[in-house]
Each structure stands twice: as structure tokens, then as C-alpha cells.
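The values are calculated or read from the model by the stated rules, or taken from the named source; none is laboratory data. Computed from a predicted model, the values in this text were never measured in an experiment. Glycine also receives a Cβ, built like all others from the backbone with ideal geometry; neighbour counts cover every protein chain displayed. Just the protein is used for accessible areas: all its heavy atoms, side chains included, with ligands, DNA and RNA removed. Shrake-Rupley method; radii C 1.70, N 1.55, O 1.52, S 1.80 Å.
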Amino acid sequence: MDNSFPYKLYLVISEESCINDHFLKVAEQAVKGGVDLVQLREKNASSAEFQHKAFQLKEILDRYNVPLIINDNLKVAQQIEAFGIHVGTSDTPPKQIRQNWKKVKCLGYSIEDKNQLNSSESLTSDYLAVSPVFKTSTKTDTIIEWGLAGIEEIRSITQKPLVAIGNMNAKNADDVIKAGANCIAVVSAICAAQNPRKAAEELRNKIEKYE
Ligand SMILES: Cc1ncc(COP(=O)(O)OP(=O)(O)O)c(N)n1
Ligand SMILES: Cc1ncsc1CCOP(=O)(O)O
Ligand SMILES: [Mg+2]
């Protein structure tokens, strides 16, 4: 695999998931702790609110050279000149994103069914999310629970970078990497932590230790 996806610890953040501090502060602390990719996922905000939050977040992340991915909303992603976008099976499909956003640098796509893997939508994507690895209360409208065996199976079918998401934490990060994931994505392990920087450091250490 080439090194076009060098990211290992991916924070998926929203204002409401940050229960102990402001989301911009949580994001900055998480980056200091070792997060190297951030997605803004605002499921309930208007486009104007989403864009405002994304703009503020990007200003912080730019200082640390950490790329920002926008969840679902192509217009917001383009307007703030994000690094990329993450879409799932109910969103604008990856091929359409490529057609409408020539400069997209990182296009992520959720895998919820094995049949998606050899599709042209997956092939055009820069990384695939194993979604979810384990059931999680953060996102309940999911179809499958892949588990470690699911990651192994997906790994045997595709060479694409794999992002593991869904109840990921410092206890299971190494098993997930061992099963074939390239990157761990988390919401609550960092956003709901009392100390987001320490939580990110623990995750990062676990990932680095395995490699
Ligand atoms: C890194 C990452 N993986 C999976 C998802 C889920 O995307 P999707 O299936 O489109 O669901 P929503 O996030 O839009 O509810 C993700 N956002 N990020
Ligand atoms: C956005 C998303 N996509 C699949 S699971 C999930 C939520 C992950 O949240 P948590 O890390 O709190 O389990
Ligand atoms: Mg989506």
C-alpha cells in the first residue's frame, strides 16, 4: 500500500458530542494528544451553522497541519476548502462527489455491506470505513456489526486504507489494527473524555505500540 493515507488516529467531532468542554478546545487538545485527522460531523446543524463551525475548526487545525474532513455536506466542504468529505450509503455517492469536486483530496466511504467492496464507488474512494466495527450508542441507524472477523474479511478483499469506527477505544485499538485496519476513528473516546488530550495520547500510544 502506498502512503497516500498516513493517518492513524481520526477524531470525528460534533459540538453536541463534546460534553465536558467546547468542541474547538476538545479538537485542539486531541490534536496535541496525537490525532492526525479530524472530521466535523454536525447532523442537526443548518448549512450556515455547519459552515461557521467548520470554518472555526479549520482555522485551528491549519495551525497544526491537521486536515479537516466534512461529513455529508459537499457545499460546506467546498466552501471552506476542506481536505475532503466522508459519505455513506445514504449520501451523495463518491463518484458524484468526484465529478462535482475535482479538487477533493480525501474521499471517505462507509462500508456496511460486503457487496459494496468491489463497486466503482468504493474504487474511487481514498479510504473505506468499516462501519461500525462494534455497536455504539453514538450512531444507532447502523446495519451491521462487522467485528474483528469482519475487518479481517474486508482486508482480504481490498487493498484500500481501512478506517475502523464504532466503539473504538484504547482497549480494543490494537486488536483492530491487528485485524487489518490502518486507522482508528473515534467520537466518544475523546469527545466525552474528561481529558481529551490524555485520551488521544492513550489511543495513539496503543496504536504506535502495535506497529
Ligand atoms: C470515519 C467515518 N466512518 C463512518 C462514518 C459514517 O458515515 P455515514 O454512514 O454516512 O453516517 P453518518 O456519519 O452520516 O451518520 C463517518 N461519518 N465517518
Ligand atoms: C459516525 C459513526 N459511524 C459509524 S459508527 C459512528 C459513531 C462512532 O462513535 P463512537 O466512537 O462514540 O462509538
Ligand atoms: Mg453520512
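Details
- In region 27-120, GluC sites (Glu not before Pro) in a DSSP loop with at most 16 other beta-carbon atoms within 10 Å: E81
- Residues with amide H under 5 Å from that of E42, placed H, sequence gap 5 or more: N71
- Solvent-accessible ranking of K209, K32, largest area first, probe 1.4 Å: K209, K32
- Rolling a 1.4 Å probe over the heavy atoms of the protein chains gives the chain an accessible area of 48 Å² per residue.
- Among beta bridges from DSSP that stay inside region 52-208, the antiparallel ones total about 5%.
- Computed on the Cα atoms alone, the convex hull of the chain gives a volume of 110 cubic angstrom per residue.
- Close amide H partners of K8, meaning residues 5 or more places away or on another chain with modelled amide H under 5 Å apart, are D36.
- Note on region 33-97 and region 122-185: Cα centroid distance 20 Å, given to the nearest whole angstrom.
- Among R41, R197, the order of accessible area from largest down is R197, R41, computed with a 1.4 Å probe on protein heavy atoms.
- Kirkwood hydrodynamic radius (C-alpha pairs) into Stokes-Einstein, region 1-114, 37 °C and 0.692 mPa s, D in µm²/s: 227
- Considering all different alpha carbon pairs of region 116-211, the Kirkwood hydrodynamic radius works out to 13.8 Å.
- Of all accessible heavy-atom area on region 9-208, the percent that carbon and sulfur account for (1.4 Å): 45
- Karplus 3J(HN,Hα) series, Hz, for region 20-32 with 6.51 cos²θ - 1.76 cosθ + 1.60 (x for Gly, Pro): 10, 7, 5, 4, 5, 5, 4, 4, 5, 5, 5, 5, 4
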